[in-house]
Protein chains: 2
Amino acid sequence: MMVVMSALMFDILEGCKSSAARIGRVTTPHGAFDTPAFMPVGTQATIKGLMPGMVSDLGSQIILANTYHLMLRPGSPLIESRGGLHKWMRWPGPILTDSGGYQVFSLAHINTISETGVIFSSHIDGARIELTPSRAIQIQNELGGDIIMAFDDCPPAMAGLREQGNQVQSRVSSGPRASTEPVARIQQACQRSVCWLDRCVAAHKRSHDQALFGIIQGGVDLDQRDWCLRQVCSHDLPGFAIGGVSVGEGHEGLKKVVQHVAPKMPQAQPRYLMGVGYERDILVAVRAGIDMFDCVLPTRNGRNACAFTSTGRIKLRNARFSDDPAPLDPTCDCPACGGGYSRSYLRHLFMSGEMLGPILTSAHNIRHFQRFLLDIRYAIAHNAWPLVQQRWPTAFATDIPELSPEVPPDSP
Amino acid sequence: MMVVMSALMFDILEGCKSSAARIGRVTTPHGAFDTPAFMPVGTQATIKGLMPGMVSDLGSQIILANTYHLMLRPGSPLIESRGGLHKWMRWPGPILTDSGGYQVFSLAHINTISETGVIFSSHIDGARIELTPSRAIQIQNELGGDIIMAFDDCPPAMAGLREQGNQVQSRVSSGPRASTEPVARIQQACQRSVCWLDRCVAAHKRSHDQALFGIIQGGVDLDQRDWCLRQVCSHDLPGFAIGGVSVGEGHEGLKKVVQHVAPKMPQAQPRYLMGVGYERDILVAVRAGIDMFDCVLPTRNGRNACAFTSTGRIKLRNARFSDDPAPLDPTCDCPACGGGYSRSYLRHLFMSGEMLGPILTSAHNIRHFQRFLLDIRYAIAHNAWPLVQQRWPTAFATDIPELSPEVPPDSP
């Protein structure tokens, strides 16, 4: 099956025999990527600590950059004048930019939210800035990513959850700030995001080479999700995303939303679950039919001496690693593990504040997720889920304590 | 001409027609390196921000690691138990370790200096530690470097200079702490270093695979230098070094010392000028017959947004680079310049606090010095000094203002 879009082609190559998972290939003006895909996050136009060639060698075929950060510094006109994001940051492959919505609601000091957009103060220098749907698209047009995202209203992390009595867990990101606002805030966010989507579509000047994805909001309220889904997916867009997750709803909340929403999303377009996540989150989502993921976990944890392994996470500052000759993960082929770097040496780098610790551990963690996705794509094609379970037990664990975030959310 | 030593072989391959410069090849148990050689500094068993493969790709054939830092953290027994420095840090080529003397006198809080050695407090945790000649050699035996250095008494930066009325300039490193002590301190340091050398030789347990170099002290006092030279070079050692430079004596002071001392050093052994330096310092020293150099400049400056170019240094935080599409140096083939990274992008990385800025600029700066040494070796073989002058004008400039150090001396 082939769907030709103006800026994006999505070929679904194979479906899973035992779930809604599918493998596919997305083709953009800057090359193709296999789905389900994991996108490392390069917030400020760099995957922290890694040269683009290494990011690619680790198995990454597409990366994400953050509109919010780049609009504040150095500004999208400068990047456009230098030939766009790909050329400027020396990443020749596909790039997805988010719209800035999530960061405005999580990082900035918001002065006003209205139907028009958001007025906020920059987290860098306090400058007063307005971001509207059309402005968010204009900036993304200037940045030049292959996939761009609609500007949405991202409700605070706890909105809606309190009233439903869900237990809020500490997750990947502290996300948009907690709030005592009611479920009505979720409804408002849905309505506003749907209204803003029309303006995004109208403002988009590069639909010939940039694919605009719509975003479905709705928190953990499935009725709201259904309403938003219908509205957003009524647009003829090259892809759709589930937003408003990874903001405190926990694995069970995420599972509920994704299993409810993903199967109802258009079949022929790529489905993107924003900001997710841990292995078990990705596994559940893939089996529900999600095609694309992004997450700061590999690099953020990597900078903080936390390494992912096939049997769980390890914190390298722990004294027990001081003379441990083993690699981070004996099953891994990354530059750290394949290069013969021991946990002993990596611990020394972190204890000494040396850059090479974050560099090697970030590289390892990205490779960890790319290997996981490789095995998932193999499992979809060959219905080989027992193999995934054998190799990635943590993705099937039901009771994994979340590590609390160690760095502020502006540090992917 | 070939001199076979127990742990080190030095072949002088060609002499310069117009100076005392020579090109040679030093062979160690972990491979060979061409001389004149530039050694990047990996203080804490890592060239800051760079994987060993890249350091090697930049043209580095030998690196330096600091005994003082590694004895404090993680300790030499741990490194020995993990198979030694080469295996632990994944640098398969030659390594030189210093003795710790310079750092004890520049970084630590010294409690006592006596004929026995030095008692000091660690700059990391204040722990009270004794370092003696035999202990310094024992630690270096445990670390396992191919070339190890005698433990010497490093007089404070200003000692001796004041009385001679020399103008003290701010140089590469703030070096051992300033002092009001007289020229007698230099004499004492010379006598002590000579006395300690005997103990170093006696303590050395791995002369079969580690080459111990003696160090000539003496500040800018040429009589002291002569005396120390005679004493140190009376030992049958595989190599000799000039120490106590780059501590505030300035280019003219350095030139005076090196031009006086180098020609009197043994011809058949490699001559190492410790902690030097800028291009013009290296050029003068090579032409006086020096074979080996180490310096923190490429990485320390690289981390601080200062890039070396063939026409001078540039500070990347300067606003004029914000939209500059040029590479750091159009004549350079490093991963930053050859990889198409613009000054505009590099400036953005530094302004945003991104690791990739220091990484790329450090790589560039190391390549800058390795390319300079490549051209110098070519010039020696072909008496092609006009070529060096044409390509590296800063090495011939007589009036270059020194950039003040931007980071403390424990941050190479």
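Brief remarks on what is shown
- Peptide-level mean, for A:323-329, of C-beta atoms on other protein chains within 10 Å: 2
- For the protein assembly as shown, the gyration tensor built on C-alpha atoms gives a prolate shape. Its axis ratio a/c (a ≥ b ≥ c) is at least 1.5, and a/b is the larger of a/b and b/c.
- Local net charge near B:Leu143, Cβ-Cβ under 12 Å (Lys/Arg +1, Asp/Glu -1): -1
- Each other copy places its own label point for A:Ala127 at 4.8 nm from this one, sorted shortest first, where the point lies 7 Å along the Cα-to-beta carbon line.
- Projected label points at B:Ser6 and B:Arg391, each 7 Å from Cα along the beta carbon direction, are separated by 4.0 nanometres.
- Cα-based reach from A:Lys205 at 15 Å (exclusive), listing aspartates and glutamates while leaving out same-chain residues under 8 positions away: A:Glu80, A:Glu142, A:Asp146
- Calculation over all alpha carbon pairs of region A:303-395 in 10 angstrom steps from 0 returns a P(r) of 17, 48, 24, 10, 1 percent.
- Label point 7 Å beyond Cα along the C-beta direction, distances from B:Ala381 to other copies (nm, shortest first): 4.9
- Summed side-chain charge close to B:Asp198 - residues other than B:Asp198 whose Cβ falls under 13 Å, Lys, Arg +1, Asp, Glu -1: -1
- Excluding same-chain neighbours fewer than eight residues apart, the lysines reachable from A:Lys264 by a Cα-Cα span under 21 Å are A:Lys17, A:Lys255, A:Lys256.
- Each part gets one Cα centre, and for region B:275-336 versus region B:29-76 those centres are 18 Å apart.
- Within 10 Å of each Cβ in A:342-348, the average number of Cβ atoms from other chains: 5
- Cβ-derived FRET efficiency at R0 45 Å, B:Asp57 paired with B:Glu252, nearest 0.05: 0.80
- For the pair A:Arg317 and A:Asp223, label points projected 7 Å from Cα toward Cβ lie 4.7 nm apart.
- DSSP bridge orientation in the protein assembly as shown - percent antiparallel, rounded to nearest 5: 55
- Overall form of chain B per C-alpha gyration tensor (a/c, 1.5; a/b vs b/c): rounded
- Each of the GluC sites (Glu not before Pro) that DSSP puts in a loop and that has at most 14 other Cβ atoms within 10 Å breaks chain B; the longest unbroken stretch is B:116-401.
- Efficiency of FRET from Cβ geometry, B:Gln188 and B:Leu374, R₀ 30 Å, rounded to 0.05: 0.15
- Innermost chain A residue relative to the axis carrying A onto B, by Cβ distance in angstrom: A:Met355, 3
- Region B:7-295: antiparallel DSSP beta bridges as a percent of all, rounded to 5: 45
- Reach of A:Lys48 by Cα under 15 Å, taken over aspartates and glutamates that are not fewer than 8 positions away in the same chain: A:Asp294, A:Glu354, A:Asp410, B:Glu354
- Positive dipole terminus of chain B, leading residue within B:Gly24, B:Asn111, B:Leu212 (C-beta point charges): B:Gly24
- Other protein chain Cβ atoms within 10 Å, averaged over every residue that makes up B:38-51: 4
- Sorting the segments A:283-294, A:202-213 by their mean number of nearby beta carbons within 10 angstrom, highest to lowest, gives A:283-294, A:202-213.
Taken together, the values in this text are just the output of simple stated rules run on the coordinates, not laboratory data. Bear in mind that the values here come from a model prediction, so they are computed numbers and not experimental data. Every residue, glycine among them, receives a Cβ derived from its backbone with ideal geometry; neighbour counts consider all protein chains shown.
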